[in-house]
Structure formats: C-alpha cells, structure tokens
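One structure below.
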Amino acid sequence: MVKVHIDKVVENMYMLRLDDDEVKYFEALWSIPEGITYNSYILLTDEGAILFDSWKHTYSELFLETLRKVVDLKDIKYIIIHHMEQDHSGSIPKILEVVNDNITVVGHPIVRDLISSFYRVKFSFKAVKDLEGMVVGGKKLRFIYIPWLHWPDTIATYIEDLKALLSCDAFGGYGIPSMPYDDDPQVVERYLPFVRKYVATVVGHYREHIVKNIEKITGLNLEIKMIAPAHGLVWRNNPKIIVDYYYKLGLAEPDMKKIVVVYSSMYGLMEKSIEVIIDELTKKNLNVKVFTFTDKNQAAISDIIGDSIDAYAIILGASTYENELFPQIEYVIKMLVNKVNAEKFVAVVNTFGWGKVSGDYIKSLFDGSRFKIVEVVNIRGTPENKDIEKLRLVVQKLL
C-alpha cells in the first residue's frame with residue numbers, strides 16, 4: 001500500500017513524497033521489489049508558490065489532495081519540470097485542469113513539445129536557457145542543464161537562498177528509505193545498493209554523462225548544502241557522499257574483490273562447471289555475486305546489471321538451447337553491453353550436448369563494447385578432469 005509523507009525540508013520548502021511499493025517493474029522493465037519514491041517539492045514565496053515536478057499519473061488525484069494540505073492550488077504560479085518522464089510529470093495535467101490560467105510551466109525548450117504530445121493540454125510555457133536565472137518572491141533560482149541524466153530535457157534547479165540543488169533523477173535511487181534524509185549512516189548504507197542498481201539500469205546507457213554533468217556542476221563553484229532528488233533520500237547531512245558515489249558509478253570504477261557470476265542450467269550440467277569456478281574464486285576470498293536461471297529460479301536482470309557496474313569481472317555460464325545461446329544469457333549480454341559497457345574482464349563457459357555455440361559467435365555479442373573477453377570455454381555435458389583444469393585456468397587468467 002502506498003504511503004504519503006509531507007515534510008518541511010527547510011523554511012518555506014516542503015517535500016511531498018509518495019512511497020510506491022505497488023510498482024513491480026520500473027519503466028515496465030526493471031524488477032524493483034524494493035519499491036521507489038516519487039519526491040516533489042514546493043517552495044512558498046511572497047509572490048506565490050513554485051512546484052517542482054509531481055508524481056506518477058497513477059497517483060495524480062492523491063497528489064492534488066496532498067498538495068492542497070500545503071498550499072492553495074490557486075497560489076501556484078510556476079511548475080518547474082526538471083524532466084518530462086511520466087513518473088515526474090504524470091500529475092501535471094491534473095493540476096493544469098484545475099488551475100490552468102494561473103500557472104506557467106517552466107522547463108527545457110524540449111519540454112513544450114513533450115507536454116503537448118504526451119498530454120494534449122493547453123498551457124503557458126517559459127523555456128529556460130542553460131544557467132539562466134529567475135527571481136520569484138525574492139527567491140533566486142538558477143537552472144542548470146544536465147542532459148542525458150537520463151533524457152535530453154533534464155535540468156536541475158539551484159535555489160541560491162537555500163543553497164539547495166533540486167536534481168530530479170540525478171543523485172536518486174530505487175528503494176523506500178525509512179526516513180527522508182541522509183541523517184542516519186545505517187539508512188544510507190542500506191540505501192546505496194539501490195542507488196547503484198538505479199544508476200546502472202536507468203542511467204547506465206548514458207553513463208559518461210554522469211561524469212560530465214558532475215564536473216559541470218562542480219565547475220560552477222556553487223555552495224551546495226543540500227541535494228534533493230526526485231527519488232530516494234534527500235541529502236542534507238553530507239551531500240558529498242552521493243555526489244562521489246555517482247561519480248564512481250559514472251566511471252564504472254571496479255571493486256577489485258567483486259566478481260559477478262551469471263549462469264543458466266536446465267538440468268544441472270552447467271552447475272557442475274560453475275561449482276568449479278566458484279570454488280576457485282572462494283579460495284581467493286573474493287566477493288562472488290551469483291545469479292541463476294534454472295527450473296527453480298529466474299534472476300532479475302535489474303539485479304545483475306546493478307551488481308555488474310562496479311564488478312571487477314563477470315563470468316557467464318551459457319547453456320546451449322536449440323543450437324543457440326540460452327535466451328536469457330544472450331539477453332543479459334545485450335543488457336550488459338547496453339547499460340554497463342565498461343572495461344571489465346569477461347569469461348564465458350558454454351555447455352552443450354549435440355551442438356556447441358561457437359566462441360566467435362559469443363565474442364561477437366560483445367562487438368563494439370569495452371568489455372575484455374578473456375576466454376570462451378566449451379564443455380560437452382559433465383566436465384571431465386581436463387575441463388575442470390581449463391575452468392581453473394580461466395579463473396587464473398581472469399584475475
């Protein structure tokens with residue numbers, strides 16, 4: 001059941017947070033049993049209120065009900081749209097339906113056409129340029145383009161008086177933290193793996209833009225005491241933690257002790273080969289993350305991608321299926337190339353009965369990527385002693 005929170009972040013600024021534990025697949029693609037929050041913010045000024053983003057359209061009536069507890073809708077003068085994806089803009093048509101004549105929508109120039117095509121509503125619009133400023137009721141706002149985090153329209157707002165950066169998807173994460181702020185180190189520790197998963201799955205394809213945009217913001221020499229994203233924790237205690245973490249993920253900086261193992265096994269033969277590999281890795285005291293596709297378990301692709309972005313190496317166990325690569329493993333490879341695409345070492349084990357998959361074909365799936373294919377090993381059925389030796393050598397080669 002969804003929960004709603006209204007919290008006074010600082011004087012005259014409120015966060016409206018919805019905890020969505022009903023969504024099962026973010027973007028209808030990524031499994032997130034941990035749920036997600038939608039964070040909207042409202043700034044009250046002497047000249048009227050400024051609304052920053054909204055909630056998913058599913059909750060638009062609830063959003064208006066919550067908004068009314070903080071402000072009279074007729075007092076809202078501006079809606080700042082940081083990013084037009086519908087988990088942030090979905091409730092805006094409902095607001096415009098109620099108070100259209102009184103509100104100006106503010107955003108990247110692209111936003112005008114996106115609103116029109118998404119929602120077919122009439123609205124007053126102000127396009128802002130990169131680094132353009134705006135003063136409302138004595139509050140100084142500065143808009144910063146942060147493109148491809150993760151759409152071309154994405155902007156952030158710096159509120160000078162509050163020294164706050166409202167960053168939309170940037171610096172956000174999956175999960176429903178037990179508190180709204182980063183005040184408790186244990187809450188932060190539990191939350192960061194969901195940030196990693198979010199970055200890899202949602203922003204991963206545009207990963208280099210994380211680095212570019214963080215360097216851009218840093219270069220502006222703004223005094224930022226708080227970062228307020230549209231998902232997850234608000235960082236008011238130590239915003240440097242999330243900035244540094246995002247930067248590392250943007251670089252896909254590897255944890256040298258972390259190895260991801262993903263395999264398919266229809267009837268257990270692949271498991272015998274993978275057991276050899278895991279045994280060898282365990283002897284070296286490595287942190288091994290194992291994901292399986294079997295008759296009893298189907299791993300979440302979102303978790304595989306989330307754990308791969310900071311792994312040192314990836315080992316794939318791919319059964320042969322109808323003389324081709326096992327479909328889920330082929331899809332995992334496609335998503336790794338699309339979402340992670342970093343200089344990580346990869347080894348592939350292919351087990352087969354009457355027809356193996358060629359090493360050249362497996363390698364071709366990584367063509368054009370930054371992954372480094374160390375070895376492709378083909379094993380027919382249950383591994384023999386010579387195969388076991390090959391598998392152990394693959395681990396040595398990988399490390």
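Results, tabulated for the structure shown:
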{"read-out": "Evaluation of Val357 against (1) under 28 Å from His205 (Cβ atoms); (2) in contact with a strand residue (DSSP E or B) (Cβ under 9 Å, 6 or more places away or on another chain); (3) not in a loop (DSSP other than H, G, I, E, B) (one fails), failing number", "value": "(3)"}
{"read-out": "Set Thr37, Thr58: member being surrounded by 15 or more Cβ atoms within 10 Å (Cβ to Cβ), at pLDDT 95 or above, of a type in the set (S, T, N, Q) and in a helix (DSSP H, G or I)", "value": "Thr58"}
{"read-out": "Selection count, region 280-307, where residues are part of a helix (DSSP H, G or I) and surrounded by fewer than 17 Cβ atoms within 10 Å (Cβ to Cβ)", "value": "2"}
{"read-out": "Some residue of region 167-175 being buried (at least 16 other Cβ atoms within 10 Å of the Cβ), not charged (D, E, K, R) and not in a loop (DSSP other than H, G, I, E, B)", "value": "yes"}
{"read-out": "Test set (1) without any contact (Cβ under 8 Å) to a residue 40 or more places away in the chain; (2) touching a Cys at 6+ places or on another chain (Cβ under 6 Å); (3) not basic (Lys, Arg) - Asp244 fails condition number", "value": "(2)"}
{"read-out": "Residue within region 240-260 that is closer than 30 Å to Phe352 by Cα and among the β-branched types (Val, Ile, Thr) present", "value": "yes"}
{"read-out": "Count of region 40-51 residues which are outside any strand (DSSP E or B) and in contact with a Leu (Cβ under 9 Å, 6 or more places away or on another chain)", "value": "0"}
{"read-out": "Some residue of region 76-97 being among the β-branched types (Val, Ile, Thr), outside the structural domain of Gly306 (by the TED database), more than 21 Å from Gly137 (Cβ to Cβ) and in contact (Cβ under 8 Å) with a residue 40 or more places away in the chain", "value": "no"}
{"read-out": "Filter result (assigned to a helix (DSSP H, G or I) and not polar (S, T, N, Q)) within region 312-332", "value": "Pro327, Ile329, Glu330, Tyr331, Val332"}
{"read-out": "Some residue of region 333-353 being part of a loop (DSSP other than H, G, I, E, B), in contact (Cβ under 8 Å) with a residue 40 or more places away in the chain and on the phi > 0 side of the Ramachandran plot", "value": "yes"}
{"read-out": "Looking only at region 203-223, and only at residues there that are touching a helix residue (DSSP H, G or I) at 6+ places or on another chain (Cβ under 9 Å) and buried (at least 18 other Cβ atoms within 10 Å of the Cβ), the one that is farthest from Ile305 (Cα to Cα)", "value": "Ile217"}
{"read-out": "Residue check for Ile277: assigned by the TED database to the domain that holds Asp367 and buried (at least 23 other Cβ atoms within 10 Å of the Cβ)", "value": "yes"}
{"read-out": "Leading residue by the ranking (modelled with the lowest pLDDT) among those in region 1-34 that are part of a loop (DSSP other than H, G, I, E, B) and in contact with a Lys or Arg (Cβ under 9 Å, 6 or more places away or on another chain)", "value": "Asn12"}
{"read-out": "Of all residues making up region 146-171, the number that are on the phi > 0 side of the Ramachandran plot and either over 17 Å from the mean Cα position of the chain (by Cα) or free of Cβ contacts under 8 Å to residues at least 60 places away in the same chain (or both)", "value": "1"}
{"read-out": "Among (1) without any contact (Cβ under 8 Å) to a residue 12 or more places away in the chain; (2) over 21 Å from Glu275 (Cβ atoms) - the single one Asn385 does not satisfy", "value": "(2)"}
{"read-out": "One residue from Met266, Met256, Met270 being touching a residue at least 40 places away in the same chain (Cβ under 8 Å), touching a Phe, Trp or Tyr at 6+ places or on another chain (Cβ under 6 Å), surrounded by fewer than 16 Cβ atoms within 10 Å (Cβ to Cβ) and more than 30 Å from Leu166 (Cα to Cα)", "value": "Met256"}
{"read-out": "All positions within region 42-55 that are out of contact with any helix residue (DSSP H, G or I) (no Cβ under 9 Å at 6 or more places or on another chain) and buried (at least 23 other Cβ atoms within 10 Å of the Cβ)", "value": "Leu43, Ile50, Phe52"}
{"read-out": "Among the candidates Leu114, Leu73, residue that is surrounded by 14 or more Cβ atoms within 10 Å (Cβ to Cβ) and more than 27 Å from the chain's Cα centre (by Cα)", "value": "Leu73"}
{"read-out": "Residues within region 354-364 that are buried (at least 18 other Cβ atoms within 10 Å of the Cβ) and either free of Cβ contacts under 8 Å to residues at least 24 places away in the same chain or under 30 Å from the mean Cα position of the chain (by Cα) (or both), tallied", "value": "1"}
{"read-out": "Filtered residue count, region 21-51, keeping only those that are closer than 15 Å to Gly172 by Cα and either of a type outside the set (D, E, K, R) or free of Cβ contacts under 8 Å to residues at least 60 places away in the same chain (or both)", "value": "9"}
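The values are calculated or read from the model by the stated rules, or taken from the named source; none is laboratory data. Please read all numbers here as calculations on a predicted model, not as lab measurements. Backbone-built Cβ (ideal geometry, glycine too); neighbour counts: all protein chains shown.
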